[in-house]
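Let me begin by presenting the structure, written as structure tokens, before commenting on it.
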Amino acid sequence: MHATGQVAALSTDATLPPDRWQHGLNHFLPAAVAVQDARLVPPDFDPRRDACARRYDYHLRLAPVRQPLWEAGAWVIRGPLDAAKMAQALALLPGRRDFASFAAQPATGGSTRRLTAARLRARPGGWRLEFEGDAFLPHQVRRMTGQIVEIGRGRAEPERVAALLRRPVFGSAGPTAPARGLYLAGVRYTLAELADWNDGCDDDEDTRHPSR
């Protein structure tokens, strides 16, 4: 999996301003990783458990033959895909539901999660699937993507998604899409210190679940 919106926390007694931390860390980090922003937050801030919403993107690339330059960051598929049926299936996913069918195994805290959006966006040479929710089960996004691609290939109908939600059985959806196309695109918080960084989340939902 890749990340364009990963959040991390650092505890230190040093008194450097955030911008100095950003530039200093980027000086020493390898080329594949870069700090995009730095903020002062409360000492008990937990980037994982304090998150109230997350967005994952999955990149699909359509091509008739292998694409070595793209295969490190996308799932290259021999097309075409039926975008209308894929969008129809994605529209069935949002809501507070039992997503056990889209997880390989039981998770701590049960298998109910709140998915707020599931979208299909056209991109040059392919598609991007976008999923937003309070938290996700292990491999949930990759299994949702794999099932949606099966529908796009004509191997299943959109009703398959509804059936998987009506009768949640661990591991029954899929196949699991390759990890290389998955991106953590963003994480949101309700912290005042991050008010200008994101728009927060609704406070009426219990969103403190682990995310994978």
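The values are calculated or read from the model by the stated rules, or taken from the named source; none is laboratory data. Worth saying up front: this structure is predicted, and the values here are computed from it rather than measured. Here the Cβ positions follow ideal geometry from the backbone for every residue, glycine too, while neighbour counts run over all protein chains shown. These area figures cover heavy atoms from the full protein model, side chains too; ligands, DNA and RNA do not enter into them. Shrake-Rupley method; radii C 1.70, N 1.55, O 1.52, S 1.80 Å.
Values computed for the structure shown
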quantity	calculated
Number of the condition not met by HIS59 [criteria: (1) out of contact with any Gly (no Cβ under 7 Å at 6 or more places or on another chain); (2) within 28 Å of GLY146 (Cβ to Cβ); (3) in contact (Cβ under 8 Å) with a residue 40 or more places away in the chain; (4) open to solvent by 40 Å² or more (accessible area, probe 1.4 Å)]	(1)
Segments classed as strands (runs of 3 or more DSSP E), wholly inside the range 1-101, with at least 2 members that are over 23 Å from GLY152 (Cβ atoms)	53-62, 95-98
Hits in the range 169-192 - residues which are closer than 21 Å to ALA117 by Cβ and open to solvent by 40 Å² or more (accessible area, probe 1.4 Å)	TYR183, ARG188, THR190
Test: residue in the range 121-143 that is surrounded by fewer than 19 Cβ atoms within 10 Å (Cβ to Cβ) and of a type in the set (S, T, N, Q)	no
Filter result (under 18 Å from GLY171 (Cβ atoms) and assigned to a loop (DSSP other than H, G, I, E, B)) within the range 110-126	GLY110, SER111
Looking only at the range 66-119, and only at residues there that are open to solvent by 40 Å² or more (accessible area, probe 1.4 Å) and among the hydrophobic types (A, V, I, L, M, F, W, C), the one that is modelled with the lowest pLDDT	ALA104
Check on GLY146, at pLDDT 95 or above, crowded, with 23+ Cβ neighbours inside 10 Å and not hydrophobic (A, V, I, L, M, F, W, C)	no
Residue in the range 1-45 that is surrounded by the most Cβ atoms within 10 Å (Cβ to Cβ), counting only those that are farther than 21 Å from LEU182 by Cβ and of a type in the set (S, T, N, Q)	GLN22
Some residue of the range 46-56 being open to solvent by less than 70 Å² (accessible area, probe 1.4 Å), within 21 Å of LEU191 (Cβ to Cβ), free of Cβ contacts under 8 Å to residues at least 40 places away in the same chain and not acidic (Asp, Glu)	no
Contacts under 9 angstrom Cβ, first residue in the range 1-25 being hydroxyl-bearing (Ser, Thr, Tyr), partner open to solvent by 100 Å² or more (accessible area, probe 1.4 Å), 6 or more apart	THR4/GLN36; SER11/PRO43
Index of the failed condition, ARG166 passing every other in (1) loosely packed, with under 15 Cβ neighbours inside 10 Å; (2) touching a Lys or Arg at 6+ places or on another chain (Cβ under 6 Å); (3) at pLDDT 95 or above	(2)
Search result, residues across the range 158-195 that are part of a loop (DSSP other than H, G, I, E, B), in contact (Cβ under 8 Å) with a residue 12 or more places away in the chain and among the small types (Gly, Ala, Ser)	GLY171, SER172, ALA173, GLY174, ALA177
